[in-house]
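Report on the following structure.
The values are calculated or read from the model by the stated rules, or taken from the named source; none is laboratory data. The shown structure was predicted, so the numbers you read here are calculated from the model rather than taken from an experiment. Glycine also receives a Cβ, built like all others from the backbone with ideal geometry; neighbour counts cover every protein chain displayed.
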């Protein structure tokens, strides 16, 4: 009788653990899809540095990609330098693209440009990679790879930019201030 109770206890514990894991990481058990941890949101964007050498800090909640791997996987896994969709030799540290999970778009620039995004179906590989300096559930800090400086890109005050972190996107106007700007401002 004790052995039967112990087996039932193990089965209940295992079932409860699977249910808890499924609740914490939605989609993790359904086809191996990666999902956000919790309910991600962006509350503040801080633009530091200068227009020719910006540092971007995104603050929010649940910005993690997965509990044990907060940064989304590099997609593609290699740098954009000398690739089919970015056939240039990038000087300095090129940075990486992160698929559609972490990227930046300057919608005011003529022509519009983006950094960190990879969309293979339309042959888009951003030559401007992202260099992540810090990534936690509450804050992501990054700057741009070598192609940004190499081709004299800028993030000007007043530009309207889009930022995506952990597939949560927002837009805002750039303002270089230590106090940051709210999404949508």
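Things worth noting here:
- Residues that are modelled with pLDDT of 80 or more and surrounded by 12 or more Cβ atoms within 10 Å (Cβ to Cβ) occur at least once in the range 19-41.
- Test: residue in the range 67-74 that is closer than 22 Å to residue 167 by Cβ, out of contact with any strand residue (DSSP E or B) (no Cβ under 9 Å at 6 or more places or on another chain) and in a loop (DSSP other than H, G, I, E, B): yes
- Per-region count, the range 152-170, residues surrounded by fewer than 15 Cβ atoms within 10 Å (Cβ to Cβ) and either assigned to a strand (DSSP E or B) or without any contact (Cβ under 8 Å) to a residue 24 or more places away in the chain (or both): 2
- When 180, 169 are checked against the criterion of being on the phi < 0 side of the Ramachandran plot and either at pLDDT 95 or above or touching a strand residue (DSSP E or B) at 6+ places or on another chain (Cβ under 7 Å) (or both), a single residue qualifies: 169.
- Residues of the range 82-101 classified as crowded, with 20+ Cβ neighbours inside 10 Å and either touching a helix residue (DSSP H, G or I) at 6+ places or on another chain (Cβ under 8 Å) or at pLDDT 95 or above (or both), total: 7
- In the range 131-150, residue modelled with the highest pLDDT [restricted to those that are over 15 Å from residue 93 (Cβ atoms) and outside any strand (DSSP E or B)]: 138
- Within the range 115-130, the set of residues being touching a strand residue (DSSP E or B) at 6+ places or on another chain (Cβ under 7 Å) and assigned to a loop (DSSP other than H, G, I, E, B) comprises 116, 117, 126, 127, 129.
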